[in-house]
Amino acid sequence: MKTKESFFISLLLVFILVILQSTLFYFIASDMVIPDFALIVVAFFAARRGMQEGQILGFFNGLAEDFITSSFPGFNALIKTIIGFLAGTIKNKMLFDPVIFPSLFIFFVTLLKGILAAVTAYLFFPEGYFPAVFSSRFLLEIVLNSLFAPLIYLILKKTHLIPNDIWGGK
Amino acid sequence: MFKGLSFRKHKKDFVTFFILMALSIGMLVYTAFSEISFKPKQVGLDFFSFCQRGIVSTGKFFSQTAGSISELRNLKKEYNTLLKEYAEYQQMKQDYEHLEQENSMLKELLGFREEGSMTKIPAVVIGGETNNFFKSFIINQGSSKGIKKDMPVIAYVDGYQSLVGKVVEVGTFSSVVKPITDSSLYVPAVLQKFRYRGLVNGLVMDFVSREASSRINCGDLVVTSGFNGSYPENIYIGKVKSISGKEYETSLRLELEPFVDFFRLEYVFVLAGEDKDEN
C-alpha cells in the first residue's frame, strides 16, 4: 500500500479507535483500565513508516483525545507528537519478531507517554491538576498495551498499513 | 537509535516536528493561562460527540433487543407487585397532598418565602476518557440547552440527589464533566448530622475540626454546604469510610465512599440555576 494511502487509512483507524475507546470500551471496561490502542497504532506506524508520518499521525491522535477529554487542548497532541517522532527514528534500524519486540517496544512507548505526561503537566498545569501518571491504573495500562501489541502489530501487517517486508527492508 | 539522525538529512522531519510542537505548546499555553475558552476544542468536542452518540445508541439498541425477552418475563412479575403498591400509594398521595396544604399554610403564617428550586437539565453519559490519566466523561447536552461551564452535575441514587461533579467544557451539543473523584475538584462540604464543615477533594474531606473526632463515625453522611455558592447545599456526596488525623494536626481527614457509582452512571442532571418563585 502507498504511504499516502496507508497514512489516511491509519488516520481514520486512529480516529475510530479514539471514539471506540471513549464509548464502547469505556462502557465495557466499567472501572477497569482501557488499553491505549490508538497509541499502539501510532507507535507501530511511526516505527515502520518514519518520523514524518508518525509525528503527524501522533499529533492528530492526540488532538482527537484533547477534544473529548477534560485535559487542556494540546496536552495529548504534544505527547503523541513526540512519541510519533521518537518512534519514527527507529525506522529501518531494528528487527521486529512477531511477539517479543512489539511487546517490549510498546512497553517503553507507554512508559514514555507517562513520563511525558508528568513533565508536561508539571510545566503547564496549575497546581492540583496533575494526571494520575504514577498510579496502579497507569501501570496496568503499560501491561495491557504490551499484551495487545503483538496482535495489533499482526493486524497492521496483514492489512498492509505497515510494510509487510522484513524489518530493515525498504 | 539516534545515530545518523542529522538535521540536514531529516530537515523536513524536524521542521514538521517543530511546527507540531509549537502548535501543541501554543494550545497548551493559551488554555492553561487564559480564562477564555478554546473555541476549536468546542467544535472538536461537538464533532466527536456526534460520532460517540451514534455508537452509544447503536450499542444500546443491540443490548436492549437482546435483553427484551427476559425483560418481558420480569415485567409481568413487576406488574403484579406494582398493582399492589399502587393501591398503597394512592392512599399516601392523599395524605401527602393534605400535608403539603398544611405546610404551605403554616409557611404563610410564619412569613417564609418559598425557596427556589433548581432547573435540572437531564443528560445521558455518552462517553468517557480515552486515557487513564483523567477521569472525566461526556454528556449529550451542551450550550444549546443552556449548559454553562462550572455548573454542578447530579444524579439520583435511591431517590436522593447525589453530587457527580461539574461541567468543565461546553460544546454546542455536548459537555465534558469532571467527577468529584478527580483531585482537581474542591467541594465545600458539611457533615449532615453534626454540621462540621470541610473541603472535599478527590473523595477526601479535609479541614474538619478536631473537635469532631469524638462525634463522627464511619457511615456518617456528607453533603454539600453551599459555601461560596459553587454547589447548592444539601446534595449528598458520600459516606465517611475512615477517619484519620495526626495528634499534632488541628484538623481531621475523612476518607469518603461516594454515593454515585461513576462507572455505571448513565443519566445525570445539570443544575442550571434557580427557578425563583415570584411570590
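In the stretch B:28-37, the condition of being closer than 30 Å to B:Lys145 by Cα, in contact with a strand residue (DSSP E or B) (Cβ under 9 Å, 6 or more places away or on another chain) and not β-branched (Val, Ile, Thr) is met by at least one residue.
Right, B:Phe50: closer than 18 Å to B:Val170 by Cα and more than 9 Å from every other protein chain (Cβ to nearest Cβ) or not? Before you say what the answer is, go through the steps one by one.
Values: closer than 18 Å to B:Val170 by Cα: yes; more than 9 Å from every other protein chain (Cβ to nearest Cβ): yes.
Spelling it out, B:Phe50 is indeed closer than 18 Å to B:Val170 by Cα and more than 9 Å from every other protein chain (Cβ to nearest Cβ).
Among the criteria (1) modelled with pLDDT under 80; (2) assigned to a helix (DSSP H, G or I); (3) loosely packed, with under 11 Cβ neighbours inside 10 Å, the one B:Phe7 does not fulfil is (2). Residues that are over 18 Å from B:Lys135 (Cβ atoms) and at pLDDT 90 or above within the stretch B:255-269 comprise just one, B:Phe269. Taken as a whole, the structure places B:Thr16 among residues that are part of a helix (DSSP H, G or I), surrounded by 14 or more Cβ atoms within 10 Å (Cβ to Cβ), at pLDDT 80 or above and not assigned by TED's automatic domain parsing to the domain that holds B:Val176.
The number of residues in the stretch B:213-257 being part of a helix (DSSP H, G or I) and more than 26 Å from the chain's Cα centre (by Cα) comes to 2. Is there a residue being at positive phi and either aromatic (Phe, Trp, Tyr) or touching a residue at least 24 places away in the same chain (Cβ under 8 Å) (or both) anywhere in the stretch B:201-221? Checking the stretch B:201-221: at least one residue is at positive phi and either aromatic (Phe, Trp, Tyr) or touching a residue at least 24 places away in the same chain (Cβ under 8 Å) (or both). Within the stretch A:31-39, is there a residue that is closer than 25 Å to A:Phe96 by Cβ, within 8 Å of chain B (Cβ to nearest Cβ), assigned to a helix (DSSP H, G or I) and modelled with pLDDT of 90 or more? Checking the stretch A:31-39: at least one residue is closer than 25 Å to A:Phe96 by Cβ, within 8 Å of chain B (Cβ to nearest Cβ), assigned to a helix (DSSP H, G or I) and modelled with pLDDT of 90 or more. A search for C-beta distances below 6 Å between a residue of the stretch B:151-172 that is farther than 16 Å from B:Ser225 by Cα and any residue that is at pLDDT below 85, counting only pairs 6+ apart in sequence or on different chains, returns B:Val168/A:Ser70; B:Gly171/B:Gln42; B:Gly171/B:Leu45; B:Gly171/B:Asp46; B:Thr172/B:Asp46.
Taken over the stretch B:103-135, the residue count meeting the criterion of being assigned by TED's automatic domain parsing to the domain that holds B:Tyr156, more than 28 Å from B:Gly229 (Cα to Cα) and either modelled with pLDDT of 75 or more or loosely packed, with under 12 Cβ neighbours inside 10 Å (or both) is 2. Is it the case, given these coordinates, that A:Gln21 is part of a helix (DSSP H, G or I), facing chain B (nearest Cβ under 7 Å) and at pLDDT 90 or above? Against the criterion (part of a helix (DSSP H, G or I), facing chain B (nearest Cβ under 7 Å) and at pLDDT 90 or above), A:Gln21 does not qualify.
If you go through the stretch B:231-250 and keep only what is over 14 Å from B:Val190 (Cα atoms) and of a type in the set (Ser, Thr, Tyr), you end up with B:Ser242, B:Ser244, B:Tyr248, B:Thr250.
The values are calculated or read from the model by the stated rules, or taken from the named source; none is laboratory data. Keep in mind that what you see is a predicted model, and the values were worked out from it rather than measured. Every residue, glycine as well, gets a Cβ built from its backbone with ideal geometry; the counts of neighbours run over all protein chains shown.
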